[in-house]
Amino acid sequence: MDNKGLSLTGGPYWLVLVLVSSLLLCKNVASVPTCPRGAVNCEVPLGELFDRAVVLSDYLHKLSSEMFREFNKQYAQERRFITRAINGCHTSSIPTPEDKEQAQNMPHEDLLNLILRVLRSWNEPLYHLVTEVRAMREASDTQKALGTQETFAMQEALSTQEALTTQEALTTQEALSMQEALRTQGTPNDILSRAIEIEDRNKQLLEGMEKIINQVQHGVRRNEAPSPWLGLQFLQKADEDTRLFALYGLIHCLRRDSHKIDNYLKVLKCRIIYDSNC
């Protein structure tokens, strides 16, 4: 039998060997992360940084919208906060594009630094938002632990109210008050968990934006001060209605700003990464 065709140095076998080697090399390269663990001075590609930032900003807006809906359901609707004027957001002093067209016409250096400034302006308010919501939960937990006997008494009174026909019967208003107290004894755990995650994700997005600016502007960064927040005094008021309305306004502004940042980042990604062809 002629073994010439089976030679590893020629014919189709050499071609197969080259192809297999190339596939293995590509597989090994693809499996290596952009920045391996422990790597020093590893620069993530700009496109990947934008991908991460857009995913984070989308998630931040989703969380802030969910938190606003939950807070509105638990605290704001019954107090009709929606009918009361909000004095404005603390970031309103920062000039921002009103729509997508204005954002597209804004120099990308200005838009990048605008996003950075807005994110920094939320560091302090988010810290106090988490602190206040946590205090609300702890107060609710304490009230629940101490009020077990009172709750049973309320339920007993409600169950026997219809049988009372004398002047000792509870009034309708008293019964409604008891039902309201029983209904609102839940703790704001959902709001707290979202507030904590929003604070953490805001820090992550801020770090990502700093990396993007370092690459786009070659390390040149404007040191613009964050917009001052003066709402702490209202969060610390003794009056519960004042505190809750301050929280309502703060979460409303957070939802608004997270939506703006999400839109601006998508405009920048399209312009810088895809040369506006998207």
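Restricting attention to region 111-123, does a residue exist that is touching a helix residue (DSSP H, G or I) at 6+ places or on another chain (Cβ under 9 Å) and open to solvent by 70 Å² or more (accessible area, probe 1.4 Å)? Checked region 111-123: no residue is touching a helix residue (DSSP H, G or I) at 6+ places or on another chain (Cβ under 9 Å) and open to solvent by 70 Å² or more (accessible area, probe 1.4 Å).
Listed by position, the helices (runs of 4 or more DSSP H) inside region 72-166 whose residues that are at pLDDT below 80 and small (Gly, Ala, Ser) number at least 3 are 123-146, 148-160.
The values are calculated or read from the model by the stated rules, or taken from the named source; none is laboratory data. From a predicted model like this one, the values you see are computed outputs, not experimental measurements. Every residue, glycine as well, gets a Cβ built from its backbone with ideal geometry; the counts of neighbours run over all protein chains shown. Just the protein is used for accessible areas: all its heavy atoms, side chains included, with ligands, DNA and RNA removed. Shrake-Rupley method; radii C 1.70, N 1.55, O 1.52, S 1.80 Å.
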